[in-house]
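Everything below concerns the one structure shown next.
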Amino acid sequence: MAKRTKKALGKGIRALLNNIDNIEEGQEEKKVSIVNTLSSNVAMLSLSIIEVNPFQPRTEFDETALKELSTSIQTHGLIQPITVRRLNNKSYQLISGERRMRASKLAGLTEVPAYVRLANDQEMLEMALVENIQREDLNAIEVAITYQRLMDECKLTHEKLSERMGKNRSTITNYTRLLKLPPEVQLGIKSSDLSMGHARALAGLDDVALQLMIYKEIKEGGLSVRKTEELIRQYSSQSKKKKTAAANGLSTEFKAVQDDLCSKLGTKVAIKRNDSGKGSIVINFTSDEDFNRILEMIEE
């Protein structure tokens, strides 16, 4: 897949933004053209001229998560642009991306990439985004961002969006989940180092460290999607066993002994142990005959 790069606020986009106020009413064709252009281009805007939406329902943000995102932005930049509404030539209002904007400020950025909307361009924006997503040269992250924009800015649910796009709801979900992957992995998708199949498999993991580790193994070993899925199942199985052992208060070694006793005695065995090293071994039996069978095995 060809790699695409979006230009920052160039002379053409700057001229459009500066001359929007001069568009007369009734010039629908010109306005549609501007909306189409703005919907698919990213402008670099100064954070000082972007005001927070006063109707933003979310008022509290996790400080630790913000710092983590800020560190990521310092390393990789802001991958998913924010969206703003143009108020006038020197003022914009945030529509979506307040968490990204706050983290960008923490990272020391003075300007951020943004999609610019006009004041009343809802229907035209939706048409422009739908038209944009039907192009063949978009990578999976660009598709995911466009789906997310349609839901955020056009107030569409997964169900409504799937109807508008003629796509299965699971397809929409699989794409938007990619935006929760670590920035390093998202960049790998954008640069075609990862296929959609690889990305979807990684998105099924909740452990960020594991996602990054497997991503590196995919790059270094040239793993196929099937091999990647097998590797994820192996890691997930190991992780599940460790969690179960931890929940029972057992180390990996004690859990191995417990499993070995279960196998040899042919019944459920539970080892219980406290921090001081004291504990008990509980062997289950289902009948007098089963009890005698287990006794004979122990005596042997």
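Which residues, taken from the range 199-240, are of a type in the set (Phe, Trp, Tyr) and touching a His at 6+ places or on another chain (Cβ under 9 Å)?
Matches in the range 199-240: Tyr215 only.
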Item checked: Filter result (modelled with pLDDT of 90 or more, over 15 Å from Ser96 (Cα atoms) and not in a helix (DSSP H, G or I)) within the range 45-76 -> Ser46
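Consider the range 77-114. How many of its residues are of a type outside the set (Gly, Ala, Ser) and assigned to a helix (DSSP H, G or I)?
Final tally of qualifying residues: 7.
What are the residues in the range 183-230 that are among the hydroxyl-bearing types (Ser, Thr, Tyr) and outside any loop (DSSP other than H, G, I, E, B), if any?
Residues of the range 183-230 among the hydroxyl-bearing types (Ser, Thr, Tyr): 191-192, 195, 215, 224, 228.
Across the range 183-230, the qualifying residues are Tyr215, Thr228.
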Next item on the list: Kindly check whether there is at least one residue in the range 160-182 that is within 17 Å of Leu231 (Cβ to Cβ), part of a helix (DSSP H, G or I) and among the charged types (D, E, K, R).
Entry: no
Notebook entry, point to check: Using beta carbons and a limit of 7 Å, which pairs, at least six apart or on different chains, have the first residue in the range 169-196 and free of Cβ contacts under 8 Å to residues at least 24 places away in the same chain and the second one polar (S, T, N, Q) and buried (at least 16 other Cβ atoms within 10 Å of the Cβ)?
Noted result: Arg169/Ser162
Checklist line | Filter result (surrounded by fewer than 11 Cβ atoms within 10 Å (Cβ to Cβ) and of a type in the set (Gly, Ala, Ser)) within the range 267-300 | finding: Ser276, Gly277, Ser280, Ser287
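The values are calculated or read from the model by the stated rules, or taken from the named source; none is laboratory data. All values reported here derive from a predicted model rather than from experimental measurement. Positions of Cβ are generated from backbone atoms using ideal geometry, with glycine treated the same way; all protein chains shown enter the neighbour counts.
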